[in-house]
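Structure first, then comments.
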Amino acid sequence: FTGDNESCDGDRISGWDCDPAGKALKSTTADWTTHSTNKGDNSSDFTALPGGYRNTNGVFYNLKDRAHFWSSSEDTSTDTVWRRRLDYSEPTVRRKSSDKAYGFSIRCVQ
């Protein structure tokens, strides 16, 4: 994503922010929590849906609030996996490392 308002810091270990990439990735039709002020515009055609995630205890969290996606990159320093997160309240994309036992969404590309 490029533009005058973009701010990406890919070198941050936690909380990697890309603004306004999150807004561009979010679906316009999904129920991103009704009080959201940062609904998506889907200008990237990614169409992210707020599917939440499955914790290691098997319980789902953040349904309709956040989208969590697996990354193909591992954080080898901690034996975890990088994930990306979209939040209903932010136009950003966040990067965090997570235990491999969590359940996040994936995107299949044909």
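Accessible surface for residue 90 stands near 40 Å², nearest 10, in the context of the full protein assembly shown (1.4 Å probe). For the range 21-110, carbon and sulfur atoms together expose 47% of the accessible surface, with a 1.4 angstrom probe and every protein chain in place.
A quarter of the convex hull surface defined by the alpha-carbon atoms of the range 51-110 gives 4.8 nm² as the mean projection. Partner lysines whose Cα lies under 18 Å from the Cα of residue 23, excluding those fewer than 8 positions away in the same chain, are identified as 39, 64.
The values are calculated or read from the model by the stated rules, or taken from the named source; none is laboratory data. All of these numbers come straight from a predicted model, not from anything done at the bench. Just so you know, the surface numbers come from the protein's heavy atoms only, side chains and all, with ligands and any DNA or RNA stripped out. Shrake-Rupley method; radii C 1.70, N 1.55, O 1.52, S 1.80 Å.
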